[in-house]
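Asker: Pasting in a structure now, in structure tokens, and then I'll have a few things to ask.
The values are calculated or read from the model by the stated rules, or taken from the named source; none is laboratory data. Quick caveat, the model's predicted, so the values are computed rather than measured. All Cβ positions, even for glycine, are placed from backbone atoms using ideal geometry, and neighbour counts span all protein chains on display. These area figures cover heavy atoms from the full protein model, side chains too; ligands, DNA and RNA do not enter into them. Shrake-Rupley method; radii C 1.70, N 1.55, O 1.52, S 1.80 Å.
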Amino acid sequence: MLRLAVLVSGGGTNLQAILDAIDEGTITNAEVSVVISNNAGAYALERAKKKEIDAVCLSPKTFASREAFNEALLAKLQSYNVDLVVLAGCLVVIPQSIVDAYPNKIINIHPSLIPSFCGTGYYGLKVHEAALARGVKVVGATVHFVDEGTDTGPIILQKAVEVEEGDTPEILQKRVMEQAEWKILPEAINLIANDKITVTDGIVSLK
Ligand code: GRF
């Protein structure tokens with residue numbers, strides 16, 4: 001049974017997709033052991049509480065230093081004997097100490113087809129604003145392993161979504177979430193939970 005920690009910052013729709021997939025059996029051999037948010041007001045924490053899953057708020061703002069926060073976050077993950085850390089709408093920068101502690105055991109959902117519209121400054125609506133400003137006709141989402149960079153780790157799954165006439169950033173974000181994020185994040189977790197993934201020289205392949 002793969003023990004998951006899901007790190008969130010906002011509404012938690014990706015977390016909900018994971019919880020629903022576990023309930024429906026499209027994710028097997030995995031359980032959410034803890035949900036951790038840097039934002040006490042994140043509705044994602046309410047979603048966890050409704051499922052009687054430990055919902056923890058660890059905010060950098062309440063620690064004397066960033067280093068102290070990083071140490072507390074690592075200790076919290078280790079206290080739950082976590083096998084996989086899932087960044088689901090998480091806006092906290094994951095420190096090298098945690099990346100080192102969980103090599104190819106941290107995954108992130110990014111709302112673009114990496115390497116487009118990713119890296120520092122590209123998150124949330126900003127991704128979709130940039131896509132519309134560039135005039136791309138296809139967008140999508142990516143699930144990737146987290147390494148020392150920003151959105152630079154090995155790509156696990158991607159799913160494309162059409163841009164439509166009249167799209168606003170908000171409309172496009174919703175379509176990417178509904179048609180891509182909420183599908184490929186649970187699928188990636190299920191693949192990992194059932195040992196279907198290998199990473200060789202930074203390239204992910206399915207067993
Ligand atoms: C959304 O912008 C989503 O595209 C990205 O994180 C943000 C919040 O998602 N992955 P969620 O509703 O908190 O899962």
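Asker: With a ≥ b ≥ c the root eigenvalues of the C-alpha gyration tensor of the chain, is it rounded (a/c under 1.5), prolate (a/b larger than b/c) or oblate?
Answerer: Rounded, because the longest to shortest axis ratio a/c is under 1.5.
Asker: Counting only protein heavy atoms and a 1.4 Å probe, tell me what percentage of the chain's accessible area is made up of carbon and sulfur.
Answerer: Percent of accessible area from carbon and sulfur atoms in the chain: 50.
Asker: Let me have the relative contact order for segment 82-148, percent, based on Cα pairs under 8 Å that are six or more residues apart.
Answerer: About 41 percent, as a whole number.
Asker: So, one more: Report the gain in length on full extension from E148 to E162: 0.36 nm times residue separation, minus Cα-Cα distance, nm rounded to one decimal.
Answerer: Working it through step by step, the gained length comes to 2.0 nm.
Asker: Follow-up. Would you list which lysines come within 30 Å of K126, measuring only between C-alpha atoms, while excluding same-chain residues fewer than 8 positions from it?
Answerer: Counting by Cα, and skipping residues close in sequence, K126 has these lysines nearby: K49, K61, K105, K137, K159, K174, K183.
Asker: Another question, then. Suppose we keep just the DSSP beta bridges with both residues in the chain; what percent of those would be antiparallel, to 5?
Answerer: If we restrict to bridges inside the chain, about 45 percent are antiparallel.
Asker: Here is a follow-up. Just N14, N81, N104 to compare: in a GNM of the chain, with alpha carbon springs under 10 Å, which one fluctuates most?
Answerer: N81
Asker: Given F117, I189, A75, which one lies farthest toward the positive end of the charge dipole of the chain, if we put +1 on the Cβ of every Lys and Arg and -1 on the Cβ of every Asp and Glu?
Answerer: My answer, from the dipole projection, is A75.
Asker: With a cut-off of at most 11 other beta carbons within 10 Å, and DSSP calling the residue loop, which GluC sites (Glu not before Pro) in segment 47-147 qualify? Please list them.
Answerer: E52
Asker: Ignoring ligands and nucleic acids, what accessible area does I203 show with a 1.4 Å probe (Å², nearest 10)?
Answerer: 110 Å²
Asker: Here's a follow-up. Starting from segment 128-205, pick out the trypsin sites (Lys or Arg not before Pro) whose DSSP state is loop and whose Cβ has at most 12 other Cβ atoms within 10 Å.
Answerer: Within segment 128-205, the qualifying trypsin sites (Lys or Arg not before Pro) (loop, at most 12 other Cβ atoms within 10 Å) are K137, K196.
Asker: Okay, moving on. Quick check on the chain: helices-only [θ] at 222 nm, where DSSP H runs of length 4 and up contribute -39,500 (n - 2.57) each and the sum goes over total residues. Nearest 500, please.
Answerer: Result for the chain, helices only: -10000 deg cm²/dmol.
Asker: Once you've got the GNM for the chain with C-alpha springs shorter than 10 Å, pick whichever of V93, V34, V138 has the biggest mean-square fluctuation.
Answerer: Between V93, V34, V138, it is V93 that shows the largest mean-square fluctuation.
Asker: For segment 58-207, what relative contact order do you get, as a whole percent, if you take Cα pairs closer than 8 Å and at least 6 residues apart?
Answerer: Relative contact order, segment 58-207: 18 percent.
Asker: Compute the separation of the alpha-carbon centres of segment 85-129 and segment 38-76 and state it in Å as a whole number.
Answerer: 17 Å
Asker: So, one more: Under a 1.4 Å probe, what is the accessible area of the chain per residue, stated in Å²?
Answerer: With the other protein chains kept in place, the chain gives 48 Å² per residue.
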